[in-house]
Amino acid sequence: MNRVLRGAKPPCLDLAYAFHPARQQYLSPAVAPRQARDRRRRSGQTWSLRTGSKYGTILPVTASARLPEAIRIFLLGHFIHWGALALVDRMVANYPSVSDILLDRLPPLKLFLIGELYFAGLLIFYLWHFSRRQSQDLSYGLAVVGLFYALRGLFLLFLPIGGPHGAIPPTDRFVLWPFPSHAYFPGGHLGLMFLLGFLLRDRQGRRWFLIGAAIFGLGSLLTKAHYTADLLGGLLLGYGVFLYGERALRQRYAPVTPRSPSPVGGASQ
């Protein structure tokens, strides 16, 4: 059982202890060497030094402590997204259609209700799998999804285009989401599903979910609900947000497994 120093001067304030190889993983970034911080960053661990006592106590920053902040980012991202669509709806009267060399040669299929049910089924499966396998990543997932929607809102604000040539008008098809007449580039459904798929740690679950997302993207092309560039843009945006999240956000919102420090020279007994 690891021993923890209580009531005595913590050895982390000692220079020799700070650079001891066996103790570096327990120190705050202000004390530990750079290689120790890099090792914690690669493993997804974040530590803070709270100076509540005379010498301070090293405590882990858990994912639950970041949950309110992640929820605010999630809500702010949706506010930017839907606010941009509402602003475009008030400022722009006509939305031009753009040529698509692939869609111009395909007849539109009426699969909109099936597509929305398929999308809802994928989300239900994802939430079930996520809650069973990696519910500890909830804060991180909310933060990256909020960032995705905020960036997509900016694209929609500055690129208000109409539907593809020959597409069924939104008034004649089943539409679950508002502002369907100019919410195209980048594709939100496909981009969100690929982002969620990249976040899965389980390889088999990630593989099957991404295959399901690719099938949904193919259906979006057959129904002319999106341009080909919309799907590619949604994929790139989702992957870009995932890469940024892994580099800049996972260390802040990912969970940590706290370890109890032991004195120098003594480990377990």
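Among the candidates G166, G197, the residue that is surrounded by fewer than 17 Cβ atoms within 10 Å (Cβ to Cβ) and assigned by TED's automatic domain parsing to the domain that holds L218 is uniquely G166. With the structure loaded, tell me whether A214 is more than 17 Å from V145 (Cα to Cα) and either part of a helix (DSSP H, G or I) or among the aromatic types (F, W, Y) (or both) or whether it fails that test. So A214 fits the description; yes. Selection over the range 203-239 of residues that are touching a helix residue (DSSP H, G or I) at 6+ places or on another chain (Cβ under 6 Å) and without any contact (Cβ under 8 Å) to a residue 12 or more places away in the chain gives a count of 1. Do you know which residues across the range 124-133 are within 17 Å of F74 (Cβ to Cβ) and either in contact (Cβ under 8 Å) with a residue 12 or more places away in the chain or touching a Cys at 6+ places or on another chain (Cβ under 6 Å) (or both)? If the condition is that a residue be within 17 Å of F74 (Cβ to Cβ) and either in contact (Cβ under 8 Å) with a residue 12 or more places away in the chain or touching a Cys at 6+ places or on another chain (Cβ under 6 Å) (or both), then Y126, F130 are the ones that fit.
Taking the criterion of being within 14 Å of Y227 (Cα to Cα), part of a helix (DSSP H, G or I) and in contact (Cβ under 8 Å) with a residue 40 or more places away in the chain, the residues of the range 70-118 that qualify are L103, D104.
The values are calculated or read from the model by the stated rules, or taken from the named source; none is laboratory data. In this text, all values refer to a predicted model and were calculated from it rather than measured experimentally. Quick reminder, even Gly has a Cβ in these numbers, built from the backbone with ideal geometry, and neighbours come from all protein chains shown.
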